[in-house]
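Here the structure is laid out as structure tokens; the discussion comes afterwards.
The values are calculated or read from the model by the stated rules, or taken from the named source; none is laboratory data. It should be emphasised that the depicted structure is a prediction, and the values quoted were computed from it without experimental measurement. Cβ sites come from the backbone with ideal geometry, for glycine too, and all protein chains shown count toward neighbours. Just so you know, the surface numbers come from the protein's heavy atoms only, side chains and all, with ligands and any DNA or RNA stripped out. Shrake-Rupley method; radii C 1.70, N 1.55, O 1.52, S 1.80 Å.
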Amino acid sequence: MKEINIGQATAITSPDPLMLVCTKKEDGSLNMAPVSFFMYASFNPPMLAFAMRPTANSSVNIKRTGKAVLAAPGTSLKDAVMAYGSSNGGDKNKLEENPIALQNMDGTDIEFPEDSRIAFAVSLEQAIEVGDHNMFICRIDKMVADDSKEALFAWDGYAKVAPAQEK
Ligand SMILES: Cc1cc2nc3c(=O)[nH]c(=O)nc-3n(C[C@H](O)[C@H](O)[C@H](O)COP(=O)(O)O)c2cc1C
């Protein structure tokens, strides 16, 4: 085997999970950003974790509100995911610039994409500094799914999003 760096590792482990982190900004508007640093963290109670840079607007929002919806985006959202992943929601309204169809889940006022395979409404339990990221450990309050939808995954060190198996 040859020694590699972390960027190469993320390309070699791909396809990696992909979630759109949906949060509310201070003015009440919706923000979304793609995240690949995602994992389940507990069965009982159901919990998950994800990691984002502290400067991301999503990090600022979940720390302020304690709430988010994480949704696995469907294949129709390929371009929107890349657009949402290339700008900070603190500087602009990404949903106005790149509008997508949204849906609601009972129990949360955070909307998420209509084209989602699964979505988790979460409450923040702990935010931990982990190197250059913050790790958000969250309780899953509710989960909904439509497994007829095909989800996108992150490929090639997050350079590209595509289904896990290309047809
Ligand atoms: C496929 C993909 C995966 C990404 N995964 C992460 C991640 O796991 N953690 C992170 O901090 N940023 C990740 N990013 C970058 C953020 O989405 C990007 O910094 C975004 O602009 C943050 O938006 P926000 O400031 O509105 O929260 C990813 C981007 C893409 C395109």
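Here are a few things to note about the model shown:
- For the chain, lysine pairs with C-alpha atoms less than 23 angstrom apart, excluding pairs fewer than eight positions apart on the same chain, total 26.
- Looking at the chain, the accessible area is 54 square angstrom per residue; that uses a 1.4 Å probe and ignores ligands, DNA and RNA.
- Straightening the chain between L102 and S86 buys 3.7 nm, computed as 0.36 nm per residue apart minus the Cα-Cα spacing.
- Relative contact order for the chain: 28 percent, from Cα pairs under 8 Å spaced at least 6 residues apart, divided by residue count.
- Computed label-point distance, nm, for sites R139 and R64 using a 7 Å Cα→Cβ extension: 2.4 nm
- In Å², nearest 10: area of L20 left accessible to a 1.4 Å probe: 0 Å²
- Accessible-area ranking of V60, V35, largest first, probe 1.4 Å: V60, V35
- For segment 1-92, size of Cβ-based charge dipole, Lys and Arg +1, Asp and Glu -1, in debye: 200 debye
- Of the solvent-accessible surface of the chain, computed with a 1.4 Å probe over protein heavy atoms with every protein chain present, carbon and sulfur atoms account for 52 percent.
- Ordering N61, S148, N104 by the projection of their Cα atoms onto the charge dipole of the chain, which places +1 on the Cβ of Lys and Arg and -1 on the Cβ of Asp and Glu, puts N61 at the extreme positive end.
- Per-residue SASA entry for T13, accessible area with 1.4 Å probe, Å² rounded to 10: 90 Å²
- Approximate spin-label separation S76-R53, in nm, with each point projected 7 Å along Cα-to-Cβ: 3.1 nm
- Helical content alone sets the calculated 222 nm signal of the chain at -4000 deg cm²/dmol, taking -39,500 (n - 2.57) per DSSP H segment of four or more residues and averaging over every residue.
- Long-range Cα-Cα pairs in the chain (distance over 19 Å), rounded percent: 54 percent
- Ordered from largest to smallest accessible area (heavy atoms of protein chains, 1.4 Å probe), the residues Y40, Y84 come out as Y40, Y84.
- Candidate residues M39, M1: accessible-area rank, largest first, probe 1.4 Å: M1, M39
- The distance linking segment 22-65 with segment 66-132 is 8 Å (Cα centroid to Cα centroid, whole angstrom).
- For segment 13-155, size of Cβ-based charge dipole, Lys and Arg +1, Asp and Glu -1, in debye: 280 debye
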